[in-house]
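Here the structure comes first, spelled out in structure tokens, and everything after it is commentary.
The values are calculated or read from the model by the stated rules, or taken from the named source; none is laboratory data. Just so you know, these numbers come straight off a predicted model, no measurement behind them. Cβ sites come from the backbone with ideal geometry, for glycine too, and all protein chains shown count toward neighbours. SASA here: full protein model, heavy atoms, side chains in, ligands and nucleic acids out. Shrake-Rupley method; radii C 1.70, N 1.55, O 1.52, S 1.80 Å.
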Amino acid sequence: MEPHIENIPIRRYVLSKKADEFFTGIYNVYQFIILFFKEAFLSPFEWKEIINQCYYVGVRSLSLISLTGFITGVVFTKQSRPSLAEFGATSWLPSLISIAVIRALAPLVTALIAAGKIGSNMGAELGSMKVTEQIDAMEVSGTNPFKYLVVTRVIAITLMLPILVFYTGLIGMLGAYLNIHQNEHTSFVAFFHSAFNSISFLDINSSIIKAICYGFTVGIAGCYQGYYAKNGTRGVGMAANSAVVISMFMIFVEEMVIVQVINAIR
Amino acid sequence: MPEKESDHDTGEPVISIRDLKKSFEGNLVLDGINIDIFKGENIAVLGRSGSGKSVLIKIISGLIKPDSGIVKVLGQEIDKIGRKELQALRTKIGFSFQSSALYDSMSVRENLAFPLTRNKRDLSNSEIQLAIESVLGGVGLSESIDKMPDELSGGQKKRIGIARMLIMKPEIMLYDEPTAGLDPMTSVDINNLIVRVQQQYNATSVIITHDLTCAKTTADKVTVIEEGKFLEPGSFDEIFSRDNEITRSFHDYNFINK
């Protein structure tokens, strides 16, 4: 008996709807990154807008980064003291704090704050521009919106995040110093001498590399989600939300990979 | 509408569309559109919501790629040219968006300066400011120069959107629902502004609208999109004297039930 045509299931997806969307999404992000590199190296360069964006990225997150960097330094010192005190090794606190802050905490804390503050802002701003046809308006006025909006923002956050990481590190160390000075009466010079003696050139380099990778990730995730936002205001909210979630997830994945590579080099 | 200079008998069409088809997720929106629009002509396109009117002008401006067919704008096939050529061509096409699409992080002055600073890099700052003041005066909003878009009313936003289009002195002007969401008095003002702009710039206009008063005031030719195809274009009176269900329902809605 021949099967009835209406009983034959129509196969619309290669795997399943979700799996297809997932792999299509990865391919689209890949295309987005390729386009970024193409546009980033083609003239005309948007120097003025890059400088504007660098200013916004720095100013928008400076107060939050200062506060969290300081708290991180103080809290980490407080948490580490009892363990070291058991072995009578509180004099090692500056070394421990500097290694922890420079190698891991400063890049990670700064990147997570950047994802929440700057990444979400990029997603929402570009998403809002997309759904209100401002990106289309830019395009029809003879401007390349990808270059003007995306390339400038991604470059700005990739350049600014290493500076912000360095700043967070210093503020974190300052918080740690104040706590150590209060409890162990260590002098400023002795603290920083001990702290910086424990840090190698590789530690600083690895932090810069991490910051560049995290900055690029936050920029791409925020801009991608915003640039392709749809479904009106709901889409804008989703773009901001996805920008943060994806950035944070990717930051932890990259942290794991970079630490493995740096340890292999070390 | 006063008689205007047109290349209908002599020149090449400014916009030439042949067998244009476009579908979205299997839904055929434009199904073989054919039309020639000549320099100085003003054509209004009527149609139901979702009939593909806005898609048509987005294809003309290169924002959407057609599935098939030929779309020539100022002699160039819009979906075949490279990015740089397209950008250069777009400086000759003005687009007034339904939502006005003003850049909300920029003041009115910056909104108007944006296309000039991007495309005419040889202009001095004083020349740009002069152009902004002149075009703002033209739309009657000189006092709004330093306002932000969220401080403007819907009608003012439309005017600024038109001013931003005019500042590049385009050869083709595309209006997407210019009177949508406006009260009747403001709609009349916008219609008069469009007519004044047409007379001043002698540009070609394509006006997408639901509003028959807008179509009657601003266009010298009207066409209707029905099931993805154009009805034969004609003057406003010709179109509405035909025995066609779509045009009759448009007419009844606009002039009887409103």
Taking residue B:84 as meeting all but one of (1) outside any loop (DSSP other than H, G, I, E, B); (2) within 14 Å of chain A (Cβ to nearest Cβ); (3) closer than 30 Å to residue B:144 by Cβ, write down the number of the exception.
(3)
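To keep it simple, each residue is scored yes or no on (1) in contact with a Leu (Cβ under 8 Å, 6 or more places away or on another chain); (2) of a type in the set (Gly, Ala, Ser); (3) on the phi < 0 side of the Ramachandran plot.
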| position | (1), (2), (3) |
| --- | --- |
| B:78 | yes, no, yes |
| B:85 | no, no, yes |
| B:96 | yes, yes, yes |
| B:108 | yes, no, yes |
Looking across segment B:212-244 at residues that are open to solvent by 70 Å² or more (accessible area, probe 1.4 Å) and not in a strand (DSSP E or B), the single one that is farthest from residue B:175 (Cα to Cα) is B:243
Within segment B:179-192, is there a residue that is within 30 Å of residue B:121 (Cβ to Cβ), modelled with pLDDT under 90 and not hydroxyl-bearing (Ser, Thr, Tyr)?
no
How many of the residues making up segment A:208-217 are over 13 Å from residue A:152 (Cα atoms) and surrounded by 24 or more Cβ atoms within 10 Å (Cβ to Cβ)?
4
Take the conditions open to solvent by less than 30 Å² (accessible area, probe 1.4 Å), part of a helix (DSSP H, G or I) and not small (Gly, Ala, Ser) and apply them to residue A:68. Does it pass?
no
Any idea how many residues of segment B:173-211 are surrounded by 20 or more Cβ atoms within 10 Å (Cβ to Cβ) and not in a loop (DSSP other than H, G, I, E, B)?
16
Within segment B:72-81, considering residues that are away from every other protein chain (no Cβ under 13 Å) and of a type in the set (A, V, I, L, M), the one surrounded by the fewest Cβ atoms within 10 Å (Cβ to Cβ):
B:81
Determine which member of the set B:65, B:21, B:72, B:39 is assigned to a strand (DSSP E or B), modelled with pLDDT of 90 or more, within 24 Å of residue B:165 (Cα to Cα) and among the basic types (Lys, Arg).
B:72
Given the structure, is residue A:95 more than 14 Å from chain B (Cβ to nearest Cβ), surrounded by fewer than 22 Cβ atoms within 10 Å (Cβ to Cβ), small (Gly, Ala, Ser) and under 25 Å from residue A:166 (Cα atoms)?
yes
When residues of segment B:171-215 are filtered for being within 26 Å of residue B:59 (Cβ to Cβ) and either without any contact (Cβ under 8 Å) to a residue 24 or more places away in the chain or small (Gly, Ala, Ser) (or both), how many remain?
5
For segment A:112-119, state whether one or more residues are free of Cβ contacts under 8 Å to residues at least 24 places away in the same chain and either open to solvent by 20 Å² or more (accessible area, probe 1.4 Å) or within 14 Å of chain B (Cβ to nearest Cβ) (or both).
no
Can you tell me which of (1) surrounded by 15 or more Cβ atoms within 10 Å (Cβ to Cβ); (2) free of Cβ contacts under 8 Å to residues at least 60 places away in the same chain; (3) in contact with a helix residue (DSSP H, G or I) (Cβ under 9 Å, 6 or more places away or on another chain); (4) within 12 Å of chain A (Cβ to nearest Cβ) is the one residue B:107 doesn't meet?
(4)
Only one of B:118, B:90 is at pLDDT below 90 and surrounded by 15 or more Cβ atoms within 10 Å (Cβ to Cβ); which?
B:118
Pull up segment A:137-161, narrow it to residues that are within 13 Å of chain B (Cβ to nearest Cβ) and of a type in the set (S, T, N, Q), then point me to the one that is surrounded by the most Cβ atoms within 10 Å (Cβ to Cβ).
A:141
Determine, yes or no, whether residue A:123 is surrounded by 19 or more Cβ atoms within 10 Å (Cβ to Cβ), of a type in the set (Gly, Ala, Ser), more than 14 Å from chain B (Cβ to nearest Cβ) and under 27 Å from residue B:63 (Cβ atoms).
yes
Could you list, in sequence order, all residues of segment A:166-182 that are open to solvent by 10 Å² or more (accessible area, probe 1.4 Å) and hydrophobic (A, V, I, L, M, F, W, C)?
A:166, A:170, A:171, A:174, A:178
Scanning segment B:188-228 for residues that are among the charged types (D, E, K, R) and touching a strand residue (DSSP E or B) at 6+ places or on another chain (Cβ under 6 Å) gives B:220, B:221
Filtering segment A:99-153 for residues that are outside any helix (DSSP H, G or I) and in contact with a helix residue (DSSP H, G or I) (Cβ under 8 Å, 6 or more places away or on another chain) leaves a count of 4
Only one residue in B:47, B:69 is more than 14 Å from chain A (Cβ to nearest Cβ), over 14 Å from the mean Cα position of the chain (by Cα) and open to solvent by less than 10 Å² (accessible area, probe 1.4 Å), so which one is that?
B:47
Selection from segment B:16-33 of residues within 25 Å of residue B:202 (Cβ to Cβ) and either surrounded by fewer than 22 Cβ atoms within 10 Å (Cβ to Cβ) or acidic (Asp, Glu) (or both) yields B:16
Selection count, segment B:90-104, where residues are out of contact with any helix residue (DSSP H, G or I) (no Cβ under 8 Å at 6 or more places or on another chain) and either among the aliphatic types (A, V, I, L, M) or facing another protein chain (nearest Cβ under 8 Å) (or both):
1
Of the residues that make up segment A:187-207, is at least one out of contact with any Ser or Thr (no Cβ under 6 Å at 6 or more places or on another chain), farther than 17 Å from residue A:98 by Cα and either free of Cβ contacts under 8 Å to residues at least 24 places away in the same chain or open to solvent by 30 Å² or more (accessible area, probe 1.4 Å) (or both)?
no
